[in-house]
């Protein structure tokens, strides 16, 4: 389903607000998705109009191409081991700032970039904010092709309904930028996030999950009343 014009307006507000956190000299982690596109465009405007001097670390081919178009200098993620600040969207965000990501099949690199960042900021419109993760949204996992059947069997044993994500404008499955498949895991009941994340990562062939637990320090959530800044709470999951 395409975002409504209202949702796009909110995404734009969140992206622009986050772009104004960026300061001269920063190395910036740049996520992937529709909200991040607005973040990138505002960064590009600041680079051109305000002489903002930054280096971008992108999480996908999509974001890298958009940075090129916006004249934002980009360096490869493998060239650094620390990032000043990373900004990314999410499929769902809870009030403790845990998130599900991977709707764009880029969550493995996104998680690497988020982990390297001194600060990791989530951005989104108010529809992304939920009380409980995973009830109305699958948990994506990236899987090497050779393990696809084995991983499906193992995740069914954990109570999931695993579905290989199929491409829309090509035949066959979605292929990540890393050359792997994406399996979306549908759960009918609430899961202990830390436990299910660890169980999934223990399955041979699973590269990474779309669960981002305890990684974000803030979220910029755009709604009818403006931008709400939510700060992470330290609590048991």
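The values are calculated or read from the model by the stated rules, or taken from the named source; none is laboratory data. This structure is a prediction, so every number in the text was calculated from the model and none was measured. Please note: Cβ atoms are built from the backbone with ideal geometry, for glycine as well, and neighbour counts cover all protein chains shown.
For region 49-56, indicate whether the set of residues that are assigned by TED's automatic domain parsing to the domain that holds residue 101, outside any helix (DSSP H, G or I) and closer than 19 Å to residue 112 by Cα is non-empty. Within region 49-56, one or more residues are assigned by TED's automatic domain parsing to the domain that holds residue 101, outside any helix (DSSP H, G or I) and closer than 19 Å to residue 112 by Cα. I'm trying to understand the selection: among the residues of region 103-112, which are touching a helix residue (DSSP H, G or I) at 6+ places or on another chain (Cβ under 8 Å) and buried (at least 23 other Cβ atoms within 10 Å of the Cβ)? Scanning region 103-112 gives 104, 106.
Which residues, counting only those in region 69-98, are assigned to a helix (DSSP H, G or I) and either crowded, with 18+ Cβ neighbours inside 10 Å or in contact with a strand residue (DSSP E or B) (Cβ under 9 Å, 6 or more places away or on another chain) (or both)?
Once the filter is applied, which keeps residues that are assigned to a helix (DSSP H, G or I) and either crowded, with 18+ Cβ neighbours inside 10 Å or in contact with a strand residue (DSSP E or B) (Cβ under 9 Å, 6 or more places away or on another chain) (or both), region 69-98 yields 77, 79.
Considering (1) on the phi > 0 side of the Ramachandran plot; (2) in contact with a helix residue (DSSP H, G or I) (Cβ under 7 Å, 6 or more places away or on another chain); (3) buried (at least 21 other Cβ atoms within 10 Å of the Cβ), the lone condition that residue 134 does not fulfil carries the number (2).
The single condition from (1) assigned by TED's automatic domain parsing to the domain that holds residue 21; (2) in a loop (DSSP other than H, G, I, E, B); (3) under 26 Å from residue 189 (Cβ atoms) that residue 133 fails is (1). Scanning region 16-34 for residues that are assigned to a helix (DSSP H, G or I) and in contact with a helix residue (DSSP H, G or I) (Cβ under 8 Å, 6 or more places away or on another chain), we see that the one that is nearest to residue 54 (Cα to Cα) is 19. Take residue 33 and tell me if it is at positive phi and assigned by TED's automatic domain parsing to the domain that holds residue 117. Yes: the conditions hold for residue 33.
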